[in-house]
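Peer 1: Here's a structure for you.
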Amino acid sequence: MVAGCGGGGEDTIKIGFNIPMTGDIPKVGEASKYAAEMLKEDINSQGGLEVGGKKYKLEFVYEDNESKAESAVNAALKLIEQDQVVAIIGPNSSKQAVPAGGTCNDNRVPMISPWSTNPDTTKDRPWVFRAAFLDPFQGPVAVNFATKQFGAKTAAVLFDISNDYSKGLAEIFQSEWEKKHGADTVVAFESHGTKDQDFSAQLTKILAAKPDFIFVPNNYNQVALIIKQAHDLGWEGPFMGSDAWGSAELMTLCGDDCKGQFFSTHYAAAGAKGDTKVFIDRYTAKYGYTPDDVAALTWDATRLVLQAIQDAGKYESDVRKERQSIRDALGGIKEFAGITGSMKFDAQGDPIKCAVVVEIDDQGQFVFAESVCP
Amino acid sequence: MEALFQNIINALQWGSFYALIALGYTLVYGVLLLINFAHGDIFMVGAYIAFGVSVFVLGVQGLDLPNWAVLACGVPLTMILTAGVGVTLERIAYRPLRRKGAHRLYVVITALMCGLILENGNLALLGASRKKFPELMEKTVWSLGDVSVTNLKVLVIFAAFAVFGILNFIVTRTRIGMAMRAISYDKFAIPLMGIPVDTIIVFTFVLGSGFAGLAGMLFAMSYPILEPYMGALIGWKAFIAAVVGGIGDIRGAFVGGFLLGFIEILVVAFFPSTLRDLIAFSILLVILWMKPTGLFGIARHQKI
């Protein structure tokens, strides 16, 4: 083995993961890692990935980005320079994926973000791809669903000002809602900081504006606090959430308060069929809980990279050349059947795929409510 | 108008936490002239101890205690154990430095370091996943028109006032309180009067950390999601509150805590919420600008 300071082993394919193992959303990193480990074991147990008639073992390097933007850039640089990976999966959250995407693009390393929905992640970055739909698509999904489901005319928004994802989606939602229902129908548009635990002042303001529902495009850990505090203040109306709610940990943290709420996401685990069901069953058996969307998306994102390596036809021993050929092959993938649904890629590297809206039922399961396709 | 009343209640609850933590800063500073920057993290440890106590110690073991009993036993147990953590820090980190006559600056930096050790120790020990604090109180929401209060909020506010009353009594009316005040005047002459300085200092840490444990438990009940870094930001802010109130003064910490709570909540009520910290801390800056020793502080002239 020539592994060590450079190059990586002759017969191994080294892929980096830039994921949040600590920080605000550790469950997201855990789910990503578990899904990747499962995929790696699958392929390595068959002798490796076959490229051009030869089998290559997979080696995954997991780097913790602490759910921070600056750490995500450092993690990306470490994976690129020190570990010499051929491609990077992650970061997941747009807050980290937007800056890390810039780093990967500048260093000419292909990157696929499984979960990031902010347009800036891939915009004008030929080396950056993603496996999730975009917020400009997700925003209208929430607008249309809430209008129909709650019969809502007015809405309120509470979002995290220091999170690109939350802020971006909140703004898209506001403009889409006002386009549909007229000016000033978003009656309250309030923000908070990432480390905040008390939202009572913002919620008091929202409740005083008497909206028909509250849109909360926040991470699951904040959602649990926000919904509880809204109920403490006497709010009995509905909430609508976004895909950042879809963590396996949401129900552990939120409990009864979240039951009956809706959010848009990438897939619904309850009632899944085909390959998706196989994945969910295996993951549940192995790790003891139902995989959330980020696990499924990591699976798809990693398989996209492997597909690109195979499509290229041969594996270059030079890391730079291999990165280039992966990027070219990724750009060449026009359609891909993932477990989160089939996706077509546009010129920007963004998939065009369906979103689902799920309802949290009385057992705390995420049950399919509606599917929305572009 | 109703929104204003609601916000006053919100601010009373939020200010209670600042006040409870600020009291811990001020006690230690009052006696040792030491800013115990680890205090915010002792508060975090308190919340985790409360979690451990209510879930594992009282929850399992086949006792099947009702929630009120878990709460009733959990509060003193949490306070005692958290006090133990505070005293341990004093024993292994601050006392050796004090014995060697290290400058206060180094002790403050040691305190910062201890805070980081507590945070990362917790992270290593319990992992990054958040913990969900169990509901120990049957939640009741009382509504008066559009104003809603929960029984938990009332309890938190009551606890803050009670703790202030107790501490104020101890510091101003008891012999041990007199000894605490005396040490801050002259820590070299005081041992000559037959006052056991170390015992008094340990007692100060017991008080400060014990009430940080109480604050941690109440906080965990109000905001039931625990994470290893939860103490850092609220600890800083409570420290600022203590400074604005006049650090070293019990009334100052109490008033400063509520002042910060009120400013933060009311800024959100009347301005865009984005500007909250900017406006809140500008106001505090103006207060310090006019009164650099804080609202209740007295200028201390000393030889260095």
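Peer 1: State which residue is nearest to the other protein chains (Cβ to nearest Cβ) when the search covers only the range A:230-250 and only residues that are touching a Phe, Trp or Tyr at 6+ places or on another chain (Cβ under 9 Å) and aromatic (F, W, Y). Let's see the steps before the verdict.
Peer 2: Start the filter on the range A:230-250 by keeping residues that are touching a Phe, Trp or Tyr at 6+ places or on another chain (Cβ under 9 Å), which leaves A:230, A:237-250.
Remaining after also requiring aromatic (F, W, Y): A:239, A:245.
On the way: A:F239: 17, A:W245: 14 Å.
Only one residue tops the list, namely A:W245.
Peer 1: Additional query: So how many residues does the range A:175-202 have that are surrounded by 15 or more Cβ atoms within 10 Å (Cβ to Cβ), over 28 Å from the mean Cα position of the chain (by Cα) and more than 9 Å from every other protein chain (Cβ to nearest Cβ)?
Peer 2: The total comes to 3.
Peer 1: Continuing with the same structure: Of all residues in the range A:162-174, which are surrounded by 18 or more Cβ atoms within 10 Å (Cβ to Cβ) and assigned to a loop (DSSP other than H, G, I, E, B)?
Peer 2: Hit for the range A:162-174 is A:N163, nothing else.
Peer 1: Take the residues of the range A:203-229 that are over 27 Å from the mean Cα position of the chain (by Cα), at the interface with chain B (Cβ under 8 Å from one of its Cβ atoms) and not aliphatic (A, V, I, L, M): which is surrounded by the fewest Cβ atoms within 10 Å (Cβ to Cβ)?
Peer 2: Result: A:K205.
Peer 1: Okay, next question. Residues B:I240, B:I247: which one is out of contact with any Gly (no Cβ under 6 Å at 6 or more places or on another chain), closer than 26 Å to B:I263 by Cβ, more than 14 Å from chain A (Cβ to nearest Cβ) and crowded, with 24+ Cβ neighbours inside 10 Å? Steps first, please.
Peer 2: On the way: B:I240 fails: crowded, with 24+ Cβ neighbours inside 10 Å.
After ruling out the rest, the residue left standing is B:I247.
Peer 1: Just give me the residues in the range B:260-278 being aliphatic (A, V, I, L, M), surrounded by fewer than 24 Cβ atoms within 10 Å (Cβ to Cβ) and either more than 22 Å from A:V157 (Cα to Cα) or touching a residue at least 40 places away in the same chain (Cβ under 8 Å) (or both), in sequence order.
Peer 2: Of the residues in the range B:260-278, the ones aliphatic (A, V, I, L, M) are B:260, B:263, B:265-269, B:275, B:278.
Still in the list and also surrounded by fewer than 24 Cβ atoms within 10 Å (Cβ to Cβ): B:263, B:266-267, B:269, B:275, B:278.
B:I263, B:L266, B:A269 - these are the residues of the range B:260-278 that are aliphatic (A, V, I, L, M), surrounded by fewer than 24 Cβ atoms within 10 Å (Cβ to Cβ) and either more than 22 Å from A:V157 (Cα to Cα) or touching a residue at least 40 places away in the same chain (Cβ under 8 Å) (or both).
Peer 1: Consider the range B:27-40. How many of its residues are part of a helix (DSSP H, G or I) and at pLDDT below 95? Break it down stepwise before answering.
Peer 2: Filtering the range B:27-40 down to residues part of a helix (DSSP H, G or I) leaves B:27-32, B:39-40.
Filter once more, keeping what is at pLDDT below 95: B:27-32.
Looking only at that region, the number is 6.
Peer 1: Give the residue that is nearest to A:E70 (Cα to Cα), with candidates limited to residues of the range A:160-169 that are within 14 Å of chain B (Cβ to nearest Cβ) and touching a Gly at 6+ places or on another chain (Cβ under 9 Å).
Peer 2: The initial filter retains those residues of the range A:160-169 that are within 14 Å of chain B (Cβ to nearest Cβ), namely A:160-163, A:166-167.
Next, only the ones that are touching a Gly at 6+ places or on another chain (Cβ under 9 Å) stay: A:160-162.
Working: A:D160: 18, A:I161: 17, A:S162: 13 Å.
Filtering the range A:160-169 for residues that are within 14 Å of chain B (Cβ to nearest Cβ) and touching a Gly at 6+ places or on another chain (Cβ under 9 Å), the one nearest to A:E70 (Cα to Cα) comes out as A:S162.
Peer 1: Quickly run through the range A:293-337 and pick out the residues that are surrounded by 22 or more Cβ atoms within 10 Å (Cβ to Cβ) and closer than 17 Å to A:D275 by Cβ.
Peer 2: Residues satisfying the conditions are A:D293, A:A295, A:A296, A:L297, A:T298, A:W299, A:D300, A:A301, A:T302, A:L304.
Peer 1: Here's a follow-up. Just a yes or no: is a residue in the range B:265-280 away from chain A (no Cβ under 14 Å) and either at pLDDT 90 or above or farther than 17 Å from B:V163 by Cβ (or both)? Before the answer, list the steps.
Peer 2: Restricting attention to the range B:265-280, the residues satisfying the condition of being away from chain A (no Cβ under 14 Å) are none.
No, the range B:265-280 contains no residue that is away from chain A (no Cβ under 14 Å) and either at pLDDT 90 or above or farther than 17 Å from B:V163 by Cβ (or both).
Peer 1: Check off (1) buried (at least 21 other Cβ atoms within 10 Å of the Cβ); (2) within 21 Å of the chain's Cα centre (by Cα) for B:F161 and give me the number that stays unchecked.
Peer 2: (1)
Residue by residue, here is whether (1) touching a strand residue (DSSP E or B) at 6+ places or on another chain (Cβ under 6 Å); (2) surrounded by fewer than 13 Cβ atoms within 10 Å (Cβ to Cβ); (3) away from chain A (no Cβ under 14 Å) holds:
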{"site": "B:I80", "(1), (2), (3)": "no, no, yes"}
{"site": "B:L89", "(1), (2), (3)": "no, no, yes"}
{"site": "B:H103", "(1), (2), (3)": "no, yes, yes"}
{"site": "B:V108", "(1), (2), (3)": "no, no, yes"}
{"site": "B:E119", "(1), (2), (3)": "no, no, no"}
{"site": "B:L123", "(1), (2), (3)": "no, no, no"}
{"site": "B:S129", "(1), (2), (3)": "no, no, no"}
{"site": "B:W142", "(1), (2), (3)": "yes, yes, no"}
{"site": "B:T150", "(1), (2), (3)": "yes, no, no"}
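Peer 1: Something else now. Name the residue, out of A:M240, A:M251, that is closer than 19 Å to A:I25 by Cβ and in contact (Cβ under 8 Å) with a residue 12 or more places away in the chain. Spell out the reasoning first.
Peer 2: Numbers: A:M240 fails: closer than 19 Å to A:I25 by Cβ.
Just one listed residue meets the conditions, A:M251.
Peer 1: Go through (1) more than 14 Å from every other protein chain (Cβ to nearest Cβ); (2) of a type outside the set (A, V, I, L, M); (3) in contact (Cβ under 8 Å) with a residue 40 or more places away in the chain; (4) farther than 27 Å from A:A97 by Cα for A:C258 and report which single condition fails.
Peer 2: Here A:C258 meets the rest and fails (1).
This table checks each residue for (1) farther than 23 Å from B:L20 by Cα; (2) over 15 Å from the mean Cα position of the chain (by Cα).
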{"site": "B:G245", "(1), (2)": "no, no"}
{"site": "B:I250", "(1), (2)": "no, no"}
{"site": "B:F262", "(1), (2)": "no, yes"}
{"site": "B:A269", "(1), (2)": "yes, yes"}
{"site": "B:S273", "(1), (2)": "yes, yes"}
{"site": "B:F281", "(1), (2)": "no, yes"}
{"site": "B:L285", "(1), (2)": "no, yes"}
{"site": "B:W289", "(1), (2)": "yes, yes"}
{"site": "B:G294", "(1), (2)": "no, yes"}
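Peer 1: Next question, about the same structure. Please find, among B:G213, B:G235, the residue that is surrounded by 21 or more Cβ atoms within 10 Å (Cβ to Cβ) and either in contact with a His (Cβ under 8 Å, 6 or more places away or on another chain) or at positive phi (or both).
Peer 2: On the way: B:G213 fails: either in contact with a His (Cβ under 8 Å, 6 or more places away or on another chain) or at positive phi (or both).
The conditions single out B:G235.
Peer 1: Between A:A155, A:A132, which is crowded, with 18+ Cβ neighbours inside 10 Å, out of contact with any Pro (no Cβ under 6 Å at 6 or more places or on another chain) and of a type outside the set (D, E)? Spell out how you get there, then give the answer.
Peer 2: Details: A:A155 fails: out of contact with any Pro (no Cβ under 6 Å at 6 or more places or on another chain).
Exactly one residue qualifies, and that residue is A:A132.
Peer 1: Something else about it: In the range B:149-260, which helices (runs of 4 or more DSSP H) lie fully inside it and hold 1 or more residues that are aromatic (F, W, Y) and farther than 30 Å from A:Q222 by Cβ?
Peer 2: Details: elements: B:151-173, B:175-185, B:197-222, B:230-245.
Because the criterion is at least 1 residues that are aromatic (F, W, Y) and farther than 30 Å from A:Q222 by Cβ, the helices (runs of 4 or more DSSP H) in the range B:149-260 that meet it are B:151-173, B:175-185, B:197-222.
Peer 1: Within the bounds of the range A:291-308, is there any residue that is among the hydroxyl-bearing types (S, T, Y) and not in a helix (DSSP H, G or I)? First the steps, then the outcome.
Peer 2: In the first step, residues of the range A:291-308 are kept if they are among the hydroxyl-bearing types (S, T, Y); the result is A:298, A:302.
Checking the rest, the ones that are also not in a helix (DSSP H, G or I) come to none.
No.
The values are calculated or read from the model by the stated rules, or taken from the named source; none is laboratory data. Owing to the predicted nature of the structure, the values given are computational and were not obtained by experimental measurement. Positions of Cβ are generated from backbone atoms using ideal geometry, with glycine treated the same way; all protein chains shown enter the neighbour counts.
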